[in-house]
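Structure, as structure tokens:
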Amino acid sequence: MKTTFIVSAILGLLGGIVCGYYSAVDASQAMESAAAISVSQVTSNFSVQQFKHADPDHARNAVLEEIQILQLLEKATHGRYHSAELWVAYTRLAMIEESSNHLEAARSAIAQAKLWLKMDHPGREPTEDQMKQGVRGMDDALDRF
Amino acid sequence: MKYPLITGFCGGLLIVAGCTYIGYRGTAAIVYRQKQSTWFNSLEKHDADRLRQTGQMALAYSLSALSIQNTTLSLDKSIQTLVKIRSTAPQELWPVLDLRMAKDYATLGRLEEQAGDPAGAAGHRQRAADLLRSIGWQTVSNEVLVRLADKELGSRLKN
């Protein structure tokens, strides 16, 4: 009987270890994706609200933080999953710089916005005004939602 | 022993179940922690660490926001959770958490106003206003706070 119990314990532990390993790997992959989605959503939502309500310094910080996070996610995923969010964020940054009269920084931000927009929609080249109009339209829609 | 075969079988079964559970929980916890430390590993170490930490906190924040209901009890609990998350969150996320807390305080104030508790409402609105000013909001009037609270009360999704 002693042997039976020892064999049972070994079999149980082995089964548990194998199941635990695969379950942890699956859970970790799912949570990594969830964290990536979550961090981009949280920083984007925050930067939209700061853009609407905060002073230029705080709004700029929020948008720059969003841009940094999105660019890190782009690098991590080796893809262009965030190019739409990035052109919108850079357009917002350009609008903030314009309102603070930092025209050189605004020009540089809009140039970045155009680059990301090109990656998001190859072949389309809207004007700066159309891009800003688009961002304002998205913000109004988000506000109503 | 009266029934050695039955005793051996049942005992073995219990041991298998117990050891499977222990092996599963222990391995899952150890492997998950180890795998978690490799999230975003295709980035440089500094960037991966930053994204990992911010990602985990953002996830905790998003999950806590999902359970907020329009009751004083739920909002109080949400504020406590946010304070806890803020104590370990990277500094870049503090303004995000402060905005969420400000919204919760403004909503608490609105609920208390509706319940006929003007003193409690004024206290919570003051906290909301202080937090909003700290994150650079330019206009923090009573109307802004009421609008913010009403929007929160009308929305199922808090973000």
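The values are calculated or read from the model by the stated rules, or taken from the named source; none is laboratory data. The structure displayed is predicted, hence computed values, not measured ones. Here Cβ is always computed from backbone atoms with ideal geometry, including for glycine, and neighbour counts include all displayed protein chains.
The table for this structure:
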| read-out | value |
| --- | --- |
| Qualifying residue in the range B:76-89 (condition: over 30 Å from B:Val146 (Cβ atoms) and either among the basic types (Lys, Arg) or within 11 Å of chain A (Cβ to nearest Cβ) (or both)) | no |
| Residue count, the range A:15-51 (criterion: under 30 Å from B:Thr7 (Cα atoms) and more than 7 Å from chain B (Cβ to nearest Cβ)) | 1 |
| Candidates A:Ala54, A:Ala109, A:Ala59 - the one that is more than 19 Å from B:Val96 (Cβ to Cβ) and aliphatic (A, V, I, L, M) | A:Ala109 |
| Subset of the range A:25-64 that is charged (D, E, K, R) and at pLDDT 95 or above - its residue that is nearest to the chain's Cα centre (by Cα) | A:Arg60 |
| Selection count where residues are within 7 Å of chain B (Cβ to nearest Cβ) and either in contact (Cβ under 8 Å) with a residue 12 or more places away in the chain or farther than 23 Å from B:Thr38 by Cα (or both), scope the range A:74-86 | 1 |
| Restricting the range B:77-101 to residues that are of a type in the set (Gly, Ala, Ser) and surrounded by 13 or more Cβ atoms within 10 Å (Cβ to Cβ), the residue that is modelled with the lowest pLDDT | B:Ala89 |
| Filtered residues of the range A:77-91 (kept if under 11 Å from A:Ala109 (Cα atoms) and aromatic (Phe, Trp, Tyr)) | A:Trp87, A:Tyr90 |
| Qualifying residue in the range B:90-109 (condition: free of Cβ contacts under 8 Å to residues at least 24 places away in the same chain, within 14 Å of chain A (Cβ to nearest Cβ) and either touching a Ser or Thr at 6+ places or on another chain (Cβ under 7 Å) or not hydrophobic (A, V, I, L, M, F, W, C) (or both)) | yes |
| Helices (runs of 4 or more DSSP H) fully within the range B:1-108 counting 1 or more residues that are more than 13 Å from the chain's Cα centre (by Cα) and closer than 21 Å to A:Ile10 by Cα | B:4-36 |
| Counted residues, the range B:38-59 - those being closer than 24 Å to B:Leu82 by Cα and either more than 9 Å from chain A (Cβ to nearest Cβ) or surrounded by fewer than 18 Cβ atoms within 10 Å (Cβ to Cβ) (or both) | 2 |
| All positions within the range B:126-143 that are in a helix (DSSP H, G or I), over 28 Å from B:Leu59 (Cβ atoms) and either at pLDDT below 95 or touching a Lys or Arg at 6+ places or on another chain (Cβ under 8 Å) (or both) | B:Asn142, B:Glu143 |
| Residue list for the range B:1-24, restricted to those being of a type outside the set (Gly, Ala, Ser), within 7 Å of another protein chain (Cβ to nearest Cβ) and surrounded by fewer than 18 Cβ atoms within 10 Å (Cβ to Cβ) | B:Pro4, B:Tyr21, B:Ile22 |
| Candidates B:Asp104, B:Asp117, B:Asp130 - the one that is among the acidic types (Asp, Glu) and surrounded by 19 or more Cβ atoms within 10 Å (Cβ to Cβ) | B:Asp104 |
| Checklist (1) touching a helix residue (DSSP H, G or I) at 6+ places or on another chain (Cβ under 8 Å); (2) modelled with pLDDT of 90 or more applied to B:Lys45, failing item | (1) |
| Members of the range A:55-71 that are more than 8 Å from chain B (Cβ to nearest Cβ) and crowded, with 20+ Cβ neighbours inside 10 Å | A:Arg60, A:Val63, A:Glu66, A:Ile67, A:Leu70 |
